[in-house]
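Peer 1: Once you've had a glance at the structure underneath, I'll fire off some questions.
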Amino acid sequence: MVVETRGLNGKQWLDHGGLPASDKLTVTERFRRPNVGRLDIEITINDPTYYTKPWTATTNARLTPDTELFEFVCNENEKSSAHMGPQIK
């Protein structure tokens with residue numbers, strides 16, 4: 001599966017370390033499932049404002065049955081924490 005993201009506003013960072021991104025950023029994610037227990041993910045960053053050429057990072061995920069999912073909540077422009085339960089403040 002290929003997911004292409006574009007049309008961002010340029011107010012975001014690429015990571016928690018502060019890699020910059022502009023409104024010209026395009027992110028292409030390629031998800032491959034080589035077997036039942038593994039997911040390979042390739043992420044290509046293309047932002048001509050900040051980088052001279054596109055660059056790619058890869059990661060993979062492994063199936064871990066009988067475990068809890070880690071929840072991540074993005075608080076940018078958050079407007080609905082009152083509807084998400086008491087743990088969100």
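The values are calculated or read from the model by the stated rules, or taken from the named source; none is laboratory data. These numbers were taken from a predicted model, which means no experiment stands behind them. All Cβ positions, glycine included, derive from the backbone under ideal geometry; neighbour counts span all protein chains shown. Ligands, DNA and RNA are stripped out before the accessible areas are found, and what is left, the full protein with its side chains, is counted by its heavy atoms. Shrake-Rupley method; radii C 1.70, N 1.55, O 1.52, S 1.80 Å.
Peer 1: For residues that are over 19 Å from LEU8 (Cβ atoms) and out of contact with any Lys or Arg (no Cβ under 9 Å at 6 or more places or on another chain), scanning just segment 36-52, find the one that is modelled with the lowest pLDDT.
Peer 2: Among residues in segment 36-52 that are over 19 Å from LEU8 (Cβ atoms) and out of contact with any Lys or Arg (no Cβ under 9 Å at 6 or more places or on another chain), the one modelled with the lowest pLDDT is VAL36.
Peer 1: Could you please give the count of residues in segment 40-61 that are open to solvent by 60 Å² or more (accessible area, probe 1.4 Å) and more than 12 Å from ARG6 (Cβ to Cβ)?
Peer 2: The number of residues fulfilling the criteria is 11.
Peer 1: I'd like the residue in segment 5-17 that is closer than 16 Å to TRP55 by Cβ and not hydroxyl-bearing (Ser, Thr, Tyr) and, out of all such residues, is most open to solvent (accessible area, probe 1.4 Å). Show your work before the answer.
Peer 2: Step one: of segment 5-17, the residues closer than 16 Å to TRP55 by Cβ are 5, 13-15, 17.
When the remaining residues are screened for being not hydroxyl-bearing (Ser, Thr, Tyr), the result is 13-15, 17.
Values: TRP13: 160, LEU14: 50, ASP15: 69, GLY17: 74 Å².
Going through the qualifying residues, I end up with TRP13.
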